[in-house]
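The values are calculated or read from the model by the stated rules, or taken from the named source; none is laboratory data. What you see is a predicted model, and the numbers here were worked out from it, not measured in a lab. Cβ: placed from backbone, ideal geometry, glycine included. Neighbour counts: every protein chain shown. With ligands, DNA and RNA removed, areas are computed over all heavy atoms of the protein, side chains included. Shrake-Rupley method; radii C 1.70, N 1.55, O 1.52, S 1.80 Å.
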Amino acid sequence: MVVLAGGVGGAKFTLGVRAALSRLGAPEATVVVNTGDDLWLSGVRVQPDIDSVLYALAGQNDTGRGWGRAGDTERVNAELQAWDAGWPWFTLGDLDLGTHLARTGWLREGLTVTQVVARLSRRWPLGVRMLPMTDSEVDTHVVTADGRMHFQEWWTRHRAKLTPLAFENPGIARAAPAPGVLEAIAGADVVLLAPSNPVVSIGPILAVPGVRDAVRAATRVVGVAGVISGAVVRGMADVCLTAIGVQTRSDAVAAHYGARSAGGLLDAWVMAEEDADLAPAVAALGIRPVVAALWMTDVAASADIVDAALSAD
């Protein structure tokens, strides 16, 4: 199994993947994680989506805030602000900063992002193989009427209040999939698109040259909706969808990915019970609708969603 994922929703879904595979006694999955959110800050390389998935699988994530390490402190962050360094609205926890320092040191020594992720993964028994989408730096930029800014500034500082005109990943056309990504997709019985932001989490992964074609050629592709009753489950993905002309509706997001039979990606689409009335519209796209409970209230509930995805033939 291969999962394309990003952010907190992707991390919670990946926990469900691990639990579902454990139920089946199946081999571990590979999760290909978005690196478009990455940034340099105060001299360190920060990879928010990689760390969200890593910390969740390790049981080290702060479930209250939804990001960062559990029990973290912010003493170093306060000192950075006292020096007027970094971004005062982007918090680096002390434990979290340890991860960024280790990553940055390894990158400076010449390791690739893939090699760094492998080193980070060895600290805890994750039960899932993590791969970055690419070893290249292809940070997401947001174009607004007020100018261009890094995605994290638009998302964290401005809370997506500035109307986006476009999302760009400079250099992505020259990027290559990280080693092992295409092979994992080609060898998978099923590729799952996690209920992550379709525009800035799943979108950059699919934009890496070769990945979309690999997914389209996969044995089976099932997407999971991150929209329930016309609203996003978490974050501001609705703003991102609106910017690219996609309604915040489960059937509209399914249409955005498209049916594989019509040149898109999906064979099946797992959608919320609350949106069961949209199932005929999804079926009309050439995508099999699978209606299930989609609230990831705990790991067991997330695993049930994965089971529903695996039931789609």
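Data overview
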{"read-out": "Mean residue ellipticity (222 nm) of the chain, computed from DSSP H runs ≥ 4 via -39,500 (n - 2.57), nearest 500", "value": "-10500 deg cm²/dmol"}
{"read-out": "The range 119-270, relative contact order in percent, only Cα pairs under 8 angstrom and at least six apart counted", "value": "20"}
{"read-out": "Phi to ³J(HN,Hα) by Karplus 6.51 cos²θ - 1.76 cosθ + 1.60 over the range 168-173, Hz, x for Gly, Pro", "value": "10, 10, x, x, 5, 5"}
{"read-out": "Directionally averaged projected area (convex hull, Cα atoms, the chain), nm²", "value": "15.2"}
{"read-out": "Nonlocal amide H pairs with Ser42, under 5 Å, H built at 1.01 Å", "value": "Gly86"}
{"read-out": "Under the Karplus curve 6.51 cos²θ - 1.76 cosθ + 1.60, θ = phi - 60°, whole-Hz ³J(HN,Hα) for the range 114-123, x wherever Gly or Pro sits", "value": "4, 5, 5, 4, 4, 5, 4, 6, 6, 5"}
{"read-out": "On Cα atoms only, tilt of 7-24 relative to the major axis of the chain in degrees", "value": "60"}
{"read-out": "Centroid-to-centroid separation of the range 42-71 and the range 8-25 [C-alpha atoms, Å]", "value": "17"}
{"read-out": "Trypsin sites (Lys or Arg not before Pro) restricted to the range 119-207 and DSSP loop, no more than 10 other C-beta within 10 Å", "value": "Arg122, Lys161"}
{"read-out": "Most mobile of Ala231, Ala145, Ala279 in a GNM of the chain (Cα contacts under 10 Å)", "value": "Ala145"}
{"read-out": "Listed residues Gln247, Gln81, Gln60, most fluctuating in the chain (Gaussian network, C-alpha, under 10 Å)", "value": "Gln81"}
{"read-out": "Cα centroid separation, the range 168-215 to the range 78-93 (Å)", "value": "33"}
{"read-out": "Accessible-area ranking of Ser311, Ser121, largest first, probe 1.4 Å", "value": "Ser311, Ser121"}
{"read-out": "Full-stretch length increase - Ser42, Arg234 - with 0.36 nm per residue and alpha-carbon distance subtracted", "value": "66.3 nm"}
{"read-out": "Residues in the range 186-227 that a label on Thr242 would reach, taking backbone N under 17 Å of a point 7 Å out along Cα→Cβ", "value": "198-200, 227"}
